[in-house]
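Asker: Supplied in structure tokens, the structure appears directly below.
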Amino acid sequence: MDINNFSLMDLFKKKAVVENTVKKNKGVRIDVDDYIKEDAVKCPNCEKLLDKKEVIRKKYICYECGGYFRVSTNNRIRMVADQGSFERWFDDITDANPLRFDGYEEKINVAREKTKLSEAVTVGKCTIYGEEVVIGVCDSRFLMGSMGSVVGERITGAIERATELKLPVFMFCCSGGARMQEGIVSLMQMAKTSAAVRKHSDAGLFYCTILTDPTTGGVTASFASLGDVILAEPNALIGFAGQRVIQKTIGQELPKGFQRAEFLLDHGFVDGIVERKDLRKLLYFLIITHRPNREGQYSNFDKVEHLDFIDKLFGNKMWQNSAKTAWDKIKEVRKSTRPSGRDYMEHIFDYFIEAHGDRYYSDDKAILGGIGLLDGQPVTVITDMRGQTMEECAMRNFGMPMPEGYRKAIRLMKQAEKFNRPIVSFVNTAGAYCGIEAEERGQGEAIARSIMEMSALKVPVVCIFIGEGGSGGALATGVGNEVWILENATYSILSPEGFATILWKDASRAVEASEVMQITATHLKRLGIVEKVIPEYGIASAENCADIADYIKTELKKFLKSYDGKTGEEIAKERYERFRKY
């Protein structure tokens, strides 16, 4: 039988044949549905009948439409853990009916019989490519994965034990929210699990959540949304309130894709959407880049054993994604063909994975940030992105960040501080976006907060101006222990056009203003605004981008070596004194 050409009508016919067979066999019981499911399964998304073995081989993904099946606990563990390495914890914590709700125990027993699980979450320790981690897996088949006191106790216990063992935690979230039968006691689990996450974080340990379909209610509003990194599976339903409740409350139609993973990515609430085929490899990358590095070690360039292993996992790099006047240089750095921060990053870092969103409002595409490996040394990288094509320029707002862009940068820098990772910031912006929506969302506060937080970071920070550096919008990601600038880049209090307009009431004097303002690399080095001028070997372009990047990479390694042995307090003090002298 060719299952791909097998229609629902054929299925019904087959069922009828089987039922007739049952009658002929003198009432011998045959489970018709189980018989059908032996070789076929229906996609919950496109509703096509599929070859079950092929669906399993593809990690429970429909090979017709790409839709994701919900995954049972045991299958999820098999997908991520090294074979035979999972050690269950707290399975003995089972019974609770704090409100003595009538019929609750019977519901629990039915769920146990159906799922062969003792509760809606399974926790324990395992290894991923040999690295020890703690994982938790929620299962929607068990009372919709709702969080009662046993679920809360298991999750809290697992996080507490991970803190004692100094292990990272990966939590696979899937839930309908609080468990109604336990009432207010269920609500308390939100506080309990969140407090445990905070203690784990205060110990400098890594916590990652993977949001699967569905993740809603009190789980979303507690441990699921508190990851250092938050990932989501494609098209997963994620939200606090249910869609029907929202529609009824506001009396409006909801936008297409509302509360789906892609919607949350655009609105800044998840770092990325990960496909199952990449999940285990990505978890390994996150483990090795979020180890709690010992203070004073910033040049671990000899740790290249990970690179060889990652190469085998990924196959290659992980990328999602003359004498000139001052005015000549202004025109040059504004060209769309000038290499971007990402162009340099591709040559400098062995691997890079982008993180998305500010966790409050949106994912500003004008600022790109994430984690890279510099010859094995994990670093946090942030860069302004202006765009090259008109379509990309519009998408990235021509490199002019909104408040959420700066808040994303702050989030990533504070995360870098937690894991003792150095920070590299590439600056290339005409300035922060000025407009109604930017003011409504607190542009001034976002810039001020970013400057303040950068000034006190207890890890080495180097800021490299690679194009145009305009005003407070550039300074917001430019507060470094050292500040470097490319030979033909500029850095100024505002644009020459704006300067001429304000001081001379004549924007046409911009060329004159560009000289008066002393904004070129030569001027800035003389004024002590920058420590280093990076040669461009002519003019930065696609042709010499690799050469410029090689120079930057060499200097970055020297920079990090110079901070070996220094405490976080010493590093922050040096940065404070650097700017105090002005």
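Asker: In units of 2.2 N^0.38 Å, what is the alpha-carbon radius of gyration of region 509-553?
Answerer: 1.43
Asker: Continuing with the same structure: Which Cys residues of the chain have no other Cys Cβ less than 4.7 Å away and so no disulfide-compatible partner by this rule?
Answerer: Lone cysteines by the Cβ rule: 126, 173, 208, 393, 434, 463, 545.
Asker: In addition: Quote the accessible area belonging to residue 390 in square angstrom, nearest 10, computed with a 1.4 Å probe and with ligands, DNA and RNA left uncounted.
Answerer: Solvent-accessible area, nearest 10 Å²: 140 Å².
Asker: Ranked from highest to lowest mean number of other Cβ atoms within 10 Å per residue, what is the order of the peptides 380-389, 233-242, 129-138?
Answerer: For the peptides 380-389, 233-242, 129-138, the packing ranking is 380-389, 129-138, 233-242.
Asker: Given a 1.4 Å probe, how much area per residue of the chain is accessible, in Å²?
Answerer: Roughly 46 Å² per residue, with all protein chains present.
Asker: Let me have the relative contact order for region 498-552, percent, based on Cα pairs under 8 Å that are six or more residues apart.
Answerer: Relative contact order comes out at 18 percent.
Asker: Provide the three semi-axes, in whole Å and in decreasing order, of the ellipsoid equivalent to region 366-501 as defined by the square roots of 5 times the Cα gyration tensor eigenvalues.
Answerer: Values: eigenvalues 108, 54, 45 Å².
They are 23, 16, 15 Å, listed from largest to smallest.
Asker: Can you give me the Rg/Rh ratio for the chain, using Cα atoms for both radii and the Kirkwood formula for Rh?
Answerer: That ratio is 1.05, to two decimals.
Asker: Okay, next question. Around residue 295, what is the net charge, scoring Lys/Arg as +1 and Asp/Glu as -1 over all other residues with Cβ under 15 Å from its Cβ?
Answerer: Result for the local shell: +2.
Asker: For a 19 Å ceiling on Cα separation, which of these pairs sit above it: 525/581; 166/199; 408/566; 458/573; 365/557; 277/418?
Answerer: Table pairs above 19 Å Cα-Cα are 408/566; 365/557; 277/418.
Asker: Now a separate question. Sort the following peptides by mean Cβ neighbour count (other Cβ atoms within 10 Å, averaged over residues), highest first: 47-56, 472-481, 64-73.
Answerer: Working: 47-56: 15.9, 472-481: 24.5, 64-73: 18.2.
Descending packing order for the listed peptides: 472-481, 64-73, 47-56.
Asker: Any chance you could look up the accessible area of residue 202 with a 1.4 Å probe, heavy atoms only, rounded to 10 Å²?
Answerer: For residue 202, the solvent-accessible surface is approximately 110 Å².
Asker: Separate question: Mind checking Rg over Rh on region 450-543, alpha carbons, Kirkwood formula for Rh?
Answerer: 1.02
Asker: Related question: Would you grab the residues whose amide H sits under 5 Å from the one on residue 124? Only those 5+ places off in sequence or on another chain, please, with H modelled 1.01 Å from N.
Answerer: Residues meeting the criterion, in which the H sits 1.01 Å from N, are 89, 135.
Asker: Which whole-number percent is the relative contact order of region 393-525 (Cα, under 8 Å, 6+ apart)?
Answerer: Relative contact order comes out at 23 percent.
Asker: Starting from the residue with the highest accessible area, list 327, 504, 484 in decreasing order, probe 1.4 Å.
Answerer: Heavy-atom accessible area, descending, gives 504, 327, 484.
Asker: Report the one residue of 148, 193, 360 whose Cα lies farthest in the direction of the positive end of the charge dipole of the chain (charges on C-beta: Lys and Arg +1, Asp and Glu -1; origin at the Cα centre).
Answerer: Positive-most Cα among the choices belongs to 148.
Asker: Sticking with this structure for a sec: Using only the heavy atoms of the protein chains and a 1.4 Å probe, how would 93, 348, 493 rank by accessible area, largest first?
Answerer: The most accessible residue leads, giving 493, 93, 348.
Asker: Calculate what fraction, in whole %, of the accessible area of the chain sits on carbon and sulfur atoms when a 1.4 Å probe is rolled over the protein chains.
Answerer: Carbon and sulfur atoms account for 53 percent of the accessible area of the chain.
Asker: Probe radius 1.4 Å, ligands and nucleic acids left out: which of 228, 278 has the largest accessible area, and how do the rest follow?
Answerer: On the way: 228 25, 278 50 Å².
Output order, biggest surface exposure first: 278, 228.
Asker: Give a residue-ordered list of calculated ³J(HN,Hα) values for region 458-468 (Karplus: 6.51 cos²θ - 1.76 cosθ + 1.60, θ = phi - 60°; whole Hz; x for Gly, Pro).
Answerer: 9, 9, x, 10, 10, 10, 10, 7, 10, x, 9
Asker: I would also like to ask the following. Given R₀ = 41 Å, FRET efficiency for residue 59-residue 579 by Cβ-Cβ distance, to 0.05?
Answerer: E(calc), rounded to 0.05, equals 0.20.
Asker: Could you work out the pair-distance distribution P(r) of region 362-446 from its alpha-carbon pairs, with 5 angstrom bin width and percents rounded to whole numbers?
Answerer: That works out to 3, 15, 23, 22, 17, 11, 6, 2, 0, in percent per bin.
Asker: Taking only C-alpha pairs under 8 Å that are 6+ residues apart, what is the relative contact order of region 331-412 in percent?
Answerer: 31 percent
Asker: Take the alpha-carbon centre of region 423-481, take the same for region 44-96, and report the distance between them in whole Å.
Answerer: 43 Å
Asker: A further question follows. 7 Å from Cα along Cα→Cβ at both residue 94 and residue 554: what's the point-to-point distance in nm?
Answerer: With each label placed 7 Å out from Cα toward Cβ, I get 6.7 nm.
The values are calculated or read from the model by the stated rules, or taken from the named source; none is laboratory data. Predicted model, so just to flag it, every value in this text is computed and none were measured. Cβ: placed from backbone, ideal geometry, glycine included. Neighbour counts: every protein chain shown. Only protein heavy atoms, including side chains, enter the accessible area calculation; ligands, DNA and RNA are left aside. Shrake-Rupley method; radii C 1.70, N 1.55, O 1.52, S 1.80 Å.
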